[in-house]
Every structure is written in C-alpha cells, then in structure tokens.
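Chemist: Following this message is one structure expressed as structure tokens.
The values are calculated or read from the model by the stated rules, or taken from the named source; none is laboratory data. Here the structure is a predicted model, which means the values were calculated and not measured. Note that we place each Cβ from the backbone using ideal geometry, even for glycine, and neighbour counts take in every protein chain shown.
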Amino acid sequence: MREQIREYVHSNLNMFGDDVTFTDADNIFQSGLVNSLFAVQLIAFLEKQFGIRITNQDMKIVNFSSVDRMVEFVKDKQS
C-alpha cells in the first residue's frame, strides 16, 4: 500500500519533468506541490485502488497531507 501511494504521488508531482523529492512524512500540501485538481485525483485514486469510500467527513487535509497519513487513513477506512 505504501509503495502504491508513494509511486502515485511521485509520478503525479513529477509529470512536468521536475525532479520533486519528498519523504513519506513530508506534508505535500504545505510544500506547495499539490493543487486542487491533484487533490481530487488523489482521492479518486485512493478510493479505486484500495476499495474505500471517502465521505465529506473524511475530507480533512490532514488525512491526505503525507504518504504516512494516507497509509494510516486507508488502513482505518478498510477496518
């Protein structure tokens, strides 16, 4: 799960040729790397890839702020 999320984020952040690096703990929103379109795409990816449903109540930036947080969030949703 961690690798899939990391790879998705990495490939999308680097789609314009920039070599963006980040750790699993880095807040991708605070770094300015993420725009609103990518945020929507990220949510759709997580729902489809991991078979979860993300509700309006789940739409807190902290849930999607880093690879670490997304892994925790998905595991919680799956249980």
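Chemist: Residue check: is residue 74 touching a helix residue (DSSP H, G or I) at 6+ places or on another chain (Cβ under 7 Å) and modelled with pLDDT of 95 or more? Steps first, please.
Modeler: Working: touching a helix residue (DSSP H, G or I) at 6+ places or on another chain (Cβ under 7 Å): yes; modelled with pLDDT of 95 or more: yes.
Taking the combined requirement at face value, the residue satisfies it.
Chemist: Inspect all residues belonging to segment 37-50 and state whether any of them is basic (Lys, Arg), surrounded by 14 or more Cβ atoms within 10 Å (Cβ to Cβ) and assigned to a helix (DSSP H, G or I).
Modeler: Step one: list which residues in segment 37-50 are basic (Lys, Arg), which gives 48.
Filter once more, so that each one left must be surrounded by 14 or more Cβ atoms within 10 Å (Cβ to Cβ): none.
No: zero hits.
Chemist: Let me ask another. So, in segment 51-79, of the ones that are of a type in the set (Lys, Arg) and surrounded by fewer than 17 Cβ atoms within 10 Å (Cβ to Cβ), which residue ends up nearest to residue 4 (Cα to Cα)? Talk me through it step by step, then tell me what you get.
Modeler: The first filter runs over segment 51-79 and keeps only residues of a type in the set (Lys, Arg), leaving 53, 60, 69, 75, 77.
In the following step, the residues that additionally are surrounded by fewer than 17 Cβ atoms within 10 Å (Cβ to Cβ) were identified as 53, 60, 75.
On the way: 53: 18, 60: 21, 75: 14 Å.
Ranking the candidates gives 75 first.
Chemist: While we're looking at this one, here's another question. I'd like the residue in segment 1-36 that is touching an Asp or Glu at 6+ places or on another chain (Cβ under 7 Å) and not in a helix (DSSP H, G or I) and, out of all such residues, is nearest to residue 62 (Cα to Cα).
Modeler: Among residues in segment 1-36 that are touching an Asp or Glu at 6+ places or on another chain (Cβ under 7 Å) and not in a helix (DSSP H, G or I), the one nearest to residue 62 (Cα to Cα) is 25.
Chemist: Going through 16, 29 one at a time, which residue ends up being surrounded by fewer than 14 Cβ atoms within 10 Å (Cβ to Cβ), over 23 Å from residue 79 (Cα atoms) and modelled with pLDDT under 95?
Modeler: On the way: 29 fails: surrounded by fewer than 14 Cβ atoms within 10 Å (Cβ to Cβ).
Criteria check complete, one pass: 16.
Chemist: Does residue 9 qualify as being more than 17 Å from residue 76 (Cα to Cα) and loosely packed, with under 15 Cβ neighbours inside 10 Å? Break it down stepwise before answering.
Modeler: Numbers: more than 17 Å from residue 76 (Cα to Cα): yes; loosely packed, with under 15 Cβ neighbours inside 10 Å: no.
Judged against the criteria, residue 9 is not a match.
Chemist: To continue, here is another question. Output the residue which, of all residues in segment 51-79 that are among the basic types (Lys, Arg) and in a helix (DSSP H, G or I), is nearest to the chain's Cα centre (by Cα). Don't jump to the end; show me each part of the working.
Modeler: Step one: of segment 51-79, the residues among the basic types (Lys, Arg) are 53, 60, 69, 75, 77.
Applying the additional criterion that residues be in a helix (DSSP H, G or I) yields 69, 75, 77.
Working: 69: 8, 75: 13, 77: 14 Å.
Filtering first and then ranking leaves 69.
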